[in-house]
Structures are given as structure tokens and as C-alpha cells.
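Everything on this sheet refers to the single structure shown next.
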Amino acid sequence: MIELRHLTKTYHTKGKTITAVHDVSFTINRGEIFGIVGYSGAGKSSLLRCLNMLEKPTSGQVLIDQTDLTKLSGDQLRQVRQSIGMIFQHFNLMANRTVAGNIAYAMEVAGKGKEEIAARIQELLDLVGLSDKANAFPSELSGGQKQRVGIARALANSPKVLLCDEATSALDPMTTSSILELLREINRKLGLTIVLITHEMHVVKEICHRVAIMANGHVLEEGDVYQIFAKPRQQLTKQFVRTVIDVQLPDHLLEPKAESELVRISLLAEQAEKPMFEKLIRSFQVQANILHGKIEYIQGRPLAVFILELTGEQQERLKALAYLQQETAETEVIPYANHQ
């Protein structure tokens, strides 16, 4: 559906050259919700704007349904853009137009007739839950309602792709949940491919099928959301994951103890069903004390995180750790002095 091939975007400003996106390649499948996560300055917004050529890549290719957007003329590109909707962090609604007028604008530009536009507006207002707000102005709406208008406007020309630029960052947690549920419903009902950029990993957990982690213009890690949460490889990915799934111990449990160590383990759904701890204690001369634990549901599947205190002679602890590394999604020894 969407394929990026060695995409690079460079800016020249004040005598400096800044590479916002550096040699990025990945594929987004038709009908999936794909997240791009990174802190401010990671390059995710520049990457997103390259997808619809609001920013022209310095090099590389952007293919949508095997059409290379970097090779299109102005008229051809305008035509393709009608199949790509976009919603923004700060809504970007026209203050002097009603809700219906904001939704109509993209269809007017596309040359649609008045009757077709009117029917489509009502259909979209019903879809986003604003059927009674057609004649309201943006100043009369809440933040969540404004974003719903933004979504309806982005869907006006029946796009195949919806780009979401920090679409929930300006919203409170409850409103964020309702907007994510709306996007999930749109994806399910319309089969729309959604590309969503965010710096919030809980957004990825709630809605995305796959995710790419960006830093300094590079994609550090990319894959299925459940696997990324269960077994993050890069340190930055681990930091993001722990904003959602973390277990903090009180200070008195972090004091060093003789012949003991703290171990963080992650268990997939199928692993949690095994009598792992029973076998651990029976097979090795160690005591395993569960100090803390948490279970999160990601894509409908449970992921458990525990912190154990393993006590016993070093040789037995090493055997126990080797067993845990084999039987869990991830096993990590946490120094007492610095458990983060």
C-alpha cells in the first residue's frame, strides 16, 4: 500500500544543513493502523509530510499503490492527494466557516456538485457523531468536537489513506480515548489505512497494529505492536514501552542483599499459562520472591511484567537466569543501586 524507499529529507537554514529524515525504508500494509513514535525533533512530522508531498523528499521514493509520488507532476500530485486525508494536532479549522462549511471545502476544491456535497456532509457528521452541529462554528465546539470535524473533513473525498499528525496531543485523556475509538471504528468500517504519529506510547498501545520508533531522523526499530511491547530491542524503545508498562519498587526493596538480585521479566500470553515459577524453584536452588507485577492488554492479548528477587548461590542464580531467558519474552537483571 505505502512503501518508503531510502527516504531522506534535508533542510538548509541559517547556513546549516539539518537531516530530519535519514535513509528511511519501510512498508505500511493496506488497512492497517501504523504508528510512528518519537520525541520532539525525531523527524516523524517531516516523514509524515513527505507521505503526501507537503514536503518534497531530498532523495528516495514514496510509493502509494505502486505510484511513485516523487515523480508526479503538479496536476497528477493534486489528483493523488485527494486520496490522502490529513488531520492535525491543532485542528486547522476555518473560523469563518460552519462545521458543514469546513467539511465541504475539500469537496468544493475537488469540483463536486452541491447535492453530492450536502449528502456527503450529513453522512460524515453521522459517522463522527456530530449530526446536530452542522451549523455551529468552530468557536462553539470543544476540542474533541473540533477534532471530529477535522476527521470528517479529511474523509470528505473518500481517501484511501488517513494521516494523523499528533491528532490527540492537544486533548485531555478522556477525549483522546473517544477520538482513538472513532479512528478505530473508521479503520474497521471503511478499511482505511491510517498513519499516526505521536510521542505517546499509550496511543500506540490503544490503536496501532504496527509501529516504528524514530530518533534523530532514523527508524531505530519497527514491527508488530505486541512484539515491540513484549520484547523491545533498543534502549529508546524500552523507555517508550515503560511509559505504559512499568513497575516501580519502593526504596526499601532496592537495598542490596547478599546472594540476591532483582530481575525484570516479561511474559507473553501463552508463557503466562505455564507453571514457570514452580519449575524454577523445583529445578534450581533459589528462592524467587515476586516483588511487583503488572498486566496490560495490547491488541487484546495480555502482557505481564514482573520483578522477582532471586536469592541463592551465584551459580544457581545464573542457571535460574538462563532458564528465565529461555522461557520468557525478556529477562533483565536490574542493579540494586539503579533499578531504572
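The values are calculated or read from the model by the stated rules, or taken from the named source; none is laboratory data. Everything numeric here is computed off the predicted structure, so don't read it as measured data. Reconstructed Cβ throughout: ideal geometry from the backbone, glycine too, with neighbour counts over all protein chains shown. Surface areas here come from the heavy atoms of the whole protein model, side chains and all, with no ligands, DNA or RNA. Shrake-Rupley method; radii C 1.70, N 1.55, O 1.52, S 1.80 Å.
Screening G31 with (1) in contact with a Gly (Cβ under 7 Å, 6 or more places away or on another chain); (2) surrounded by 19 or more Cβ atoms within 10 Å (Cβ to Cβ) gives one miss only, at (2).
Okay, residues lined up against (1) out of contact with any His (no Cβ under 8 Å at 6 or more places or on another chain); (2) over 20 Å from V37 (Cα atoms):
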residue	(1), (2)
F137	yes, yes
K146	yes, yes
G150	yes, yes
L163	yes, no
H202	yes, no
R210	yes, no
N216	no, no
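Taking the criterion of being β-branched (V, I, T), modelled with pLDDT under 90 and more than 24 Å from the chain's Cα centre (by Cα), the only residue of the stretch 236-289 that qualifies is I281.
Report, by residue number, each residue of the stretch 124-138 that is open to solvent by 60 Å² or more (accessible area, probe 1.4 Å) and within 16 Å of A106 (Cβ to Cβ).
none
Applying the set (1) modelled with pLDDT of 90 or more; (2) more than 18 Å from the chain's Cα centre (by Cα); (3) crowded, with 16+ Cβ neighbours inside 10 Å to K44 leaves exactly one unmet item: (2). Of the residues in the stretch 67-86, not one is surrounded by 13 or more Cβ atoms within 10 Å (Cβ to Cβ) and more than 24 Å from S45 (Cα to Cα). If I filter the stretch 59-81 for residues that are in contact with a helix residue (DSSP H, G or I) (Cβ under 7 Å, 6 or more places away or on another chain) and closer than 19 Å to Q147 by Cβ, do I get at least one hit? The answer is no, given that none of the residues of the stretch 59-81 is in contact with a helix residue (DSSP H, G or I) (Cβ under 7 Å, 6 or more places away or on another chain) and closer than 19 Å to Q147 by Cβ.
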